Structure formats: C-alpha cells, structure tokens
Amino acid sequence: NFLDMLHLGGVTTALDMGLGIFGNAEQELNLIRHAAESRQAPSRIIMTPIITDFLARGRSPQQAIEEIDALRSTNSHRVMIDNHFKLMMDGAIYSGLAQFKYPGYIDGHDGEWMAPLETTEKWAQVFWDAGYKIHAHTNGDLSAEKLMNIVRRLQNNTPRQDHRFTLEHFAYATEEQSRQMAALGMVVSANPYYQYMLSDIYSEKWLGDDRARKMVPLGSLQRSGVPFALHSDAPMAPLSPLTLAGAAVERKTINGNANNLNERIDVDAALRAITIDAAWVMGWEDRIGSIRAGKIADFTVLERDPYETSTDKIKDIPIWGTVFEGKPYPIER
C-alpha cells in the first residue's frame, strides 16, 4: 500500500525516518526490500535508523554504528541505508507533547522529552564524529533551542563543514531561531500540514493565537536563507507532495482561517521544497531533484502547470505518472 501511495503521489525517492520503530530493524528492512524489489516499484526508499530502537535494546552508540554498517551491506537497488541517523527530541505535536518556551501551554500541561537530553547529545556526538547526516524530531521552540545548543557544542568539539544537521517537523520556532539555524548551517524538513490541521485547535486550547497562527513558519526560514524540504510524516499528513506544497503556499486551516500570512512561501519555493531542496536535505542533490545531464532520470509528470494554477488548486493537480530511472510509469486509472 505504501509503495502504491508513493506512486500515486508522484514520489520517486522517499527518506523514511523510522527504521526500527517496530523493534526489529533487520526484519523490517527485509520486508520492505522484498515488497519493493519483488514488484519492481518505481521508487527508492532510503531507510533511517532511529535512536529509540537502540535505546530500547540497550545498545551503545558504537554498537549502533556497527549494526547499521551490517545492515548497510544488504542494500539493494530500491531499498537502502545511507548515512542518516535520527534523534528524538520532544514529543509529537498531535499529542500536545512538544516542548514550548514561556509561557508554555496555556492550559498548564507540559510537554515531554523522548530521551534525556544528555543521552541525546551523547549519541549525537558519536554519529556527528562518524560523519552522519543527523536528523532530529523537534517540534516546539524550547526543543529547537535545546537542539541548536547541541549543534553548537558539536561544532565546537569537532568542527564540520556542510553537516546539514536537520530539524525534522518544525511545528513552531521563532524568527530569531530561524536566523540562528542559518548561522549554524542547519537545514529543516517541515510538515506544513500541521498548521492546516492543528492551528485552530492549538489557538483555542494550547498556545493562543500569537503562536498557533505561526505554526510551521516557513516564511521565516526563506527570509533567513535556511534550506528546507516538505515532508508528510505519513500517516500524519497525506503522502502527497502537491498537498504539502499547497498547504505551505495557502496557509489556511481546515476551517478556512488564515495563519499568519507572513509565513507563506511562494509556489516556486514550495516546488523546490519537494524537489531539488528536498534532495539537498537528503544529500542527493548531485543525483536527483532536478532534470539535467548527468543525473538519474527521475521526475513526476503533472497534467497541469502548478505555476499557472490557482494556489488553492495545487493539491488537486492530476498526476499522469512518474519516470523512474528513465522508464515511464503511468498511473493506472
């Protein structure tokens, strides 16, 4: 079903951010590989090991790297492990467990950390030193602050060029934090569907208008020069890049309310965030993300030009199909 959804959404490469989330990474990887390779799916999936799998099994960071190296040796054409690793900062935005700075949640409840911050930093240092591209599940502005402090210490301990440390989800952050991320060389993978689905209820129940209407502030990232991609975090949002792009450009809620329109991005930025800028976040910009000589011939064929389509209709543009490694795969209707 997931492979079918990738094709229907026009996705040719997916960076899956949770290998081991079900407790057996090797079995999970083998099942996904069997499904993708046996049906010759027109997509590739890059699996990302996650810290919680190793913590639950009592592994050290060094043991985790050894296990990942062993799994990487089984890479296939369509399903592979690259050099990505995922940390977990605060809790999910849907559950109201993200970590926010003062004044916090207006109903008085608190968020949660998914692991002790000192543990998270210890693991980050090992994978940073090993040259991994690190991703961190981070939702609230307090979590963003703590994550940036970790990145500062990592850079101070072991300076790295072009590390692309990625803040995943980006449910809420301040304008100042966007500029700080730019200074630190960080990038963002954001879920713009959060503001579409949750800003109204967060405004009423948990954050108040000022912060809730600024959820997923992509405009701040664009003004600060922070590269960003858009993701679905499926099934937290539809596995549809055009739906994500439309949500980022429109910035309206499911109830039709406007969400701090200063944080809108234009159509070009939204399309880049699901193509070449997404490839940049993944570290695959030399291979995919745009059409030019020397790259893999992956692209999506749309039946209407998104630049000539009303922004509220971008999500409805029909997808003819995809071209994967030069071979066309039309969507059967």
request  = Rounded to the nearest Å, what's the spacing between the alpha carbon centres of the range 236-297 and the range 55-98? Just the number, please.
outcome  = 25
Descending principal axes extents, the range 12-137, alpha-carbon based, whole Å = 51, 30, 23
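Where nothing but the Cβ of Lys and Arg (+1) and of Asp and Glu (-1) is charged, how large is the charge dipole of the range 205-298 around its Cα centre, in debye to the nearest 20?
Details: 12 positive and 11 negative charges, 39 e Å.
So the magnitude is around 180 debye.
When Lys and Arg each count +1 and Asp and Glu each count -1, what net charge do the other residues less than 9 Å away from D90, Cβ to Cβ, add up to?
Neighbour charge sum, excluding D90 itself: 0.
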key: Peptide ranges 173-186, 249-262, 109-122 listed from the most packed, as the mean C-beta count within 10 angstrom indicates   = 173-186, 249-262, 109-122
Cα shape, the range 97-156, gyration tensor, a/c 1.5 rule = prolate
task = Treating only the Cβ atoms of Lys and Arg (+1) and Asp and Glu (-1) as charged, compute the dipole magnitude of the range 85-157 about its Cα centre; round to the nearest 20 debye.
result = 340
query = Using a basic spin-label model with each label point 7 Å from the Cα along Cα→Cβ, how many nm lie between N75 and E112?
reply = 3.5
task = Divide by every residue of the chain the summed helix terms, -39500 (n - 2.57) for each DSSP H run of at least 4, and state the resulting mean residue ellipticity at 222 nm, rounded to the nearest 500 deg cm²/dmol.
result = -11000 deg cm²/dmol
ask   = Ranked highest first by average number of other Cβ atoms within 10 Å, how do 289-296, 82-89 line up?
value = 82-89, 289-296
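Once a ≥ b ≥ c are taken as the square roots of the eigenvalues of the Cα gyration tensor of the range 69-207, is the result rounded (a/c under 1.5), prolate (a/b larger than b/c) or oblate (a/b not larger than b/c)?
It comes out prolate by the Cα gyration axes.
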ask   = Does the range 197-333 come out rounded, prolate or oblate by the C-alpha gyration tensor, with a ≥ b ≥ c the root eigenvalues, rounded set by a/c under 1.5 and, if not, prolate when a/b is larger than b/c and oblate if not?
value = prolate
Cβ-defined net charge surrounding Q40, 14 Å radius [Lys, Arg +1; Asp, Glu -1] = +2
ask   = Whole-Hz Karplus ³J(HN,Hα) for the range 212-225, in order, using 6.51 cos²θ - 1.76 cosθ + 1.60 and θ = phi - 60°, x for Gly and Pro?
value = 5, 6, 10, 4, 6, x, 5, x, 4, 4, 4, 5, 8, x
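I need the peptides 142-151, 26-35 ranked by packing, meaning the mean over residues of other C-beta atoms within 10 angstrom, with the highest value on top.
Ranked by mean Cβ neighbours within 10 Å, highest first: 142-151, 26-35.
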request  = Under 15 Å from a label point 7 Å along Cα→Cβ of K327: give me every residue in the range 281-309 with its amide N that close.
outcome  = 297-299
ask   = Among the lysines, which fall within straight-line cross-link reach of K146, defined as a Cα-Cα distance under 18 Å, with same-chain neighbours fewer than 8 residues apart omitted?
value = K86, K101, K122
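Laboratory data are not the source of any read-out in this text; all were calculated from the coordinates shown. Remember, it's a predicted structure, so these values are computed and weren't measured experimentally. In this analysis, Cβ positions are derived from the backbone assuming ideal geometry, glycine residues included, and neighbour counts consider all displayed protein chains.
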